[in-house]
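The values are calculated or read from the model by the stated rules, or taken from the named source; none is laboratory data. From a predicted model like this one, the values you see are computed outputs, not experimental measurements. Because the Cβ atoms are built from the backbone with ideal geometry, glycine has one as well, and the counts that use them run over all protein chains shown. The accessibility values were calculated without ligands, DNA or RNA, using every heavy atom of the protein model including side chains. Shrake-Rupley method; radii C 1.70, N 1.55, O 1.52, S 1.80 Å.
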Amino acid sequence: MKNIFALALFFPFSLFAQTTTFQWQQVAPGVWKATVGKPEKLTLLGVAEIQPRVEALQKLGTPVFPNELKQSTHELTDGKAYLRFPLHKDEQLYGLGLNFKSVQQRGTIKTLHVDHYGGKDDGRTHAPVPFYVSDRGYGVLINSARYVTVYAGSAVRKDSKSPPEEMNRNTQKNWNAQPYSDAVDELVPAPGTEVYVFAGKNAMEVVQRYNLYCGGGTLPPKWGLGFVHRTPTLFTDQQVLQEVKDFEQKGYPLSIIGLEPGWQSHAYPNSFVWDSTRYPQPKPFLDKLLAKNIRANLWINPYVSSHSPIYKDILPYTASHTVWVGVVPDFNLKPARESFKKHFTAQGVDLGVSGYKVDETDGYDRWLWPDIARFPSGYAAEQVRQTYGLQFQKMTVEWFRARNQRTYGLTRATNAGASAMPYVIYNDYYNHKDFITALCNSSFIGVLWTPEARSSKTAEEWLRRMQAVCFSPMAMLNAWASGIKPWTYPEVAEQVKEVMQLRMQLLPYLYTTFAQYHFEGKPPIRAMNLVEGFADAGTVVAGKFDATDNPYAMAVRKDIKDQFMVGDYLLVAPLFAEEPKRRVILPQGKWYDFYTGKYVGGGETIEVDHSAGLDKIPLFVKDGGIIPMIPATLHSPTKDEVLPLTVRYYGAQPGSFNLYDDDGETFDYEKGNFGWTKLEVKDGKGQQLPTQGREWRYGKVSWEYMTR
Ligand code: GAL
């Protein structure tokens with residue numbers, strides 16, 4: 001006994017903190033779960049109430065458990081869970097939240113924490129999803145609502161099986177400030193957690209499994225993919241209607257008009273009641289918009305003013321601290337959810353409001369509740385923070401579902417399990433390049449992001465931002481503070497109109513791309529690292545020694561973060577202000593210019609040069625690519641609208657495209673009311689073959705053979 005005690009003192013670690021392997025249990029084809037210690041009740045997937053699409057997962061195949069992860073281990077110590085997943089030397093990792101500066105995440109350290117993005121990829125972000133995808137064909141998700149710290153291949157253990165070589169900085173030039181690490185280490189500050197593994201033959205298939213397991217990607221209403229304009233915060237109903245008229249008269253497309261805080265009588269904190277001076281008759285106002293086929297989206301944040309009719313009801317279900325002097329509802333409690341549902345159904349959804357922009361569920365720290373706040377449900381402030389955005393999204397979806405009506409809105413915070421949520425993330429950060437990097441990164445973690453346009457220093461910047469926005473999940477101008485219009489800069493007013501019209505023309509292609517997200521789990525916007533035949537996996541360039549900026553001569557990683565795919569065929573390479581030239585990496589195969597159909601290259605890097613004029617956003621189509629388009633309408637098509645279809649075909653390879661259609665507004669597609677029609681070109685001739693279902697809202701079909 002005495003000896004054991006002495007041993008324990010000597011080797012306390014090995015005796016008391018047992019390192020064990022995981023017990024993996026298959027929970028769906030290609031998806032495994034393990035339980036470590038005692039997981040907490042509140043989890044990310046639990047809050048999201050995911051409903052795995054088992055049939056679609058079965059269709060995707062039944063891969064075996066990834067070999068790479070068989071040696072994974074965990075320990076429980078200090079009331080926390082330590083997890084370790086092995087890495088191969090040449091392996092790359094993606095995901096780990098909505099990052100704005102980098103795509104590859106190997107070698108990074110993050111504490112994943114819901115927050116407004118602060119300019120560093122340190123884990124504090126709008127969607128700190130604790131999920132990483134490996135290019136070796138697997139993904140790991142930590143289903144914990146805590147601030148999980150991830151050492152994504154940065155820590156080196158002395159008992160490592162493949163340790164980095166010890167080097168001498170004095171004599172060896174290739175001495176590395178960040179020695180090679182052979183594992184991902186994760187620290188979950190909780191007595192246990194669930195861990196999920198997703199397999200796949202490549203990174204894309206892993207992402208598909210993740211999205212399908214989370215319920216399949218969202219399928220927005222058709223109007224959600226049209227153009228969104230948000231008006232200045234104190235606009236009146238008449239000013240909004242005038243704005244709508246201006247869009248119409250000038251010929252700029254518009255599908256959603258967004259009202260900012262001033263639609264309410266009190267804002268920050270919110271009354272959630274229409275202001276009777278600015279909006280004396282909300283229903284007739286909303287009817288007028290709907291009659292023009294324009295939807296209204298209302299800004300809210302969740303913090304309740306003492307002037308709100310729900311204040312008294314909700315008070316017992318609110319946190320110890322306030323946000324902007326408003327009480328903070330604890331949506332883990334049913335009465336809080338019910339109170340919101342009753343109010344927003346009567347004052348919003350039933351009046352004709354089509355969606356919400358749910359602001360400020362993310363932080364900044366000084367504005368949100370502190371981590372010492374208490375919530376009546378008993379959950380820790382940290383857990384509520386990590387799940388607040390998710391909770392809110394889930395709640396609103398139910399308000400609309402009760403009317404068999406789809407919604408599509410905006411959120412500033414979300415987390416794992418959000419694939420099926422009809423919400424797009426936005427923020428106040430406004431770096432154009434970083435906005436595009438976020439678009440790329442959104443594709444690994446089951447979220448959508450909009451690089452909204454707000455204002456610009458120059459006409460050129462305005463055009464570049466508007467172009468990029470038109471190739472994102474939500475084409476949005478957020479003029480809440482600037483009052484800017486698409487046509488504000490006369491020098492580029494025509495080019496801006498053109499790209500907005502192109503967005504409308506591409507709706508059949510975009511809607512099908514979202515149907516792929518829903519039915520197959522393929523994200524609509526795709527980072528190049530998810531694309532087959534993409535050769536450049538991002539190079540690492542040796543760092544230059546600089547006594548102040550880079551004293552350890554840290555290597556610099558060159559990510560491909562300024563180009564992406566929309567759907568299967570369209571490669572988008574945005575231009576940035578004052579950079580009329582750019583390089584575009586074309587994956588293997590042949591690629592064609594979208595506008596002219598001309599061959600541009602394949603499996604190589606090309607340079608595009610727009611110095612001669614402001615012109616268009618560079619777009620390229622893969623060989624055999626089929627792009628179905630409608631005329632440039634001012635509004636998204638209604639439920640029964642039948643439009644002619646122009647099918648563009650590029651290159652020479654036989655090609656096909658399964659065009660999806662349904663009513664575009666309800667959930668009837670869940671009952672099988674949808675249609676897939678195969679558009680294919682064989683021997684240089686196009687044909688259409690209905691493959692499943694009857695839904696098809698197109699009149700005359702004409703084929704355009706773009707490459708001659
Ligand atoms: C910000 C939000 C902006 C705008 C503004 C209105 O928090 O990010 O888009 O809605 O609030 O006060």
Note to self: Which of rounded, prolate or oblate describes the chain when judged by the alpha-carbon gyration tensor and an a/c cut-off of 1.5?
What the structure shows: oblate
Check: Long-range amide H contacts for G625: which residues qualify at under 5 Å (H placed 1.01 Å from N, peptide plane, sequence gap of 5 or more or a different chain)?
Finding: Y650
Margin query: 5 Å is the cut-off here: which amide hydrogens, built 1.01 Å from N in the peptide plane, fall below it relative to N658, excluding neighbours closer than 5 in sequence?
Written below: L679
Check: Ignoring ligands and nucleic acids, what accessible area does V54 show with a 1.4 Å probe (Å², nearest 10)?
Finding: 70 Å²
Checklist line | Mean ellipticity per residue at 222 nm, deg cm²/dmol - from DSSP H runs of n ≥ 4 across the chain, formula -39500 (n - 2.57) | finding: -6000 deg cm²/dmol
Margin query: Can you work out the Karplus-derived ³J(HN,Hα) for every residue in region 449-455? Use 6.51 cos²θ - 1.76 cosθ + 1.60 with θ = phi - 60°, whole Hz, and x for glycine or proline.
Written below: 9, 10, x, 2, 9, 10, 5
Next item on the list: Just order 339-347, 209-217 by mean Cβ neighbour count inside 10 Å, highest at the front, would you?
Entry: 209-217, 339-347
Notebook entry, point to check: Taking only protein heavy atoms and a 1.4 Å probe, what accessible area per residue, in Å², does the chain have with all protein chains in place?
Noted result: 40 Å²
Item checked: Total formal charge among the other residues, if their Cβ is under 13 angstrom from that of L506, Lys/Arg +1 and Asp/Glu -1 -> +2
Check: How do W324, W263, W487 rank by accessible surface area computed with a 1.4 Å probe, from largest to smallest?
Finding: W324, W487, W263
Notebook entry, point to check: What accessible area, in Å² to the nearest ten, does a 1.4 Å probe give for L571?
Noted result: 0 Å²
Next item on the list: Leaving ligands, DNA and RNA out of it, work out the accessible area of M204 with a 1.4 Å probe and give it in Å² to the nearest 10.
Entry: 20 Å²
Next item on the list: At 0.36 nm per residue, minus the direct Cα-Cα distance, what do K678 and Q281 gain on full extension? Give it in nm, one decimal, please.
Entry: 138.2 nm
Notebook entry, point to check: How large is ³J(HN,Hα) for each residue in region 238-248, as worked out from phi by the Karplus curve 6.51 cos²θ - 1.76 cosθ + 1.60 (θ = phi - 60°), to whole Hz, x for Gly and Pro?
Noted result: 5, 5, 5, 5, 5, 4, 4, 4, 4, 4, 4
Checklist line | For region 157-172, Karplus couplings with θ = phi - 60° (6.51, -1.76, 1.60), whole Hz, Gly/Pro x | finding: 8, 6, 9, 4, 7, 10, x, x, 6, 6, 10, 10, 5, 5, 10, 9
Next item on the list: Set the Förster distance to 56 Å, then compute FRET efficiency between K292 and N170 from the Cβ-Cβ distance, nearest 0.05.
Entry: 0.15
Next item on the list: Please list the non-local residues whose amide H lies under 5 Å from the amide H of T411, H modeled 1.01 Å from N, same-chain partners needing a gap of 5 or more.
Entry: V358, V424, I425, Y426
Next item on the list: Quick one: dipole size for the chain, taken about the Cα centre, charges +1 on Lys/Arg Cβ and -1 on Asp/Glu Cβ, in debye to the nearest 20.
Entry: 620 debye
Margin query: Considering only C-alpha atoms, what is the centroid distance from region 331-355 to region 62-81, in Å?
Written below: 41 Å
Next item on the list: Quickly rank 585-592, 196-203 as a protection proxy: mean count of other C-beta atoms within 10 Å, highest first.
Entry: 196-203, 585-592
Next item on the list: Go through 108-116, 144-152, 246-254 and give me the packing order, highest mean Cβ count within 10 Å leading.
Entry: 144-152, 108-116, 246-254
Check: Using 7 Å Cα-to-Cβ label points, what is the K558/N67 separation (nm, one decimal)?
Finding: 3.2 nm
Next item on the list: Note down the relative contact order for the chain as a percent, whole number, built from C-alpha pairs under 8 angstrom at least six residues apart.
Entry: 12 percent
Notebook entry, point to check: What does the charge count near D182 come to, summing +1 for each Lys or Arg and -1 for each Asp or Glu among other residues with Cβ under 9 Å from its Cβ?
Noted result: +3
Next item on the list: Let me know the shape class of region 152-294, please: from the alpha-carbon gyration tensor, a ≥ b ≥ c as square roots of the eigenvalues, rounded when a/c is under 1.5, otherwise prolate if a/b is greater than b/c, or oblate.
Entry: prolate
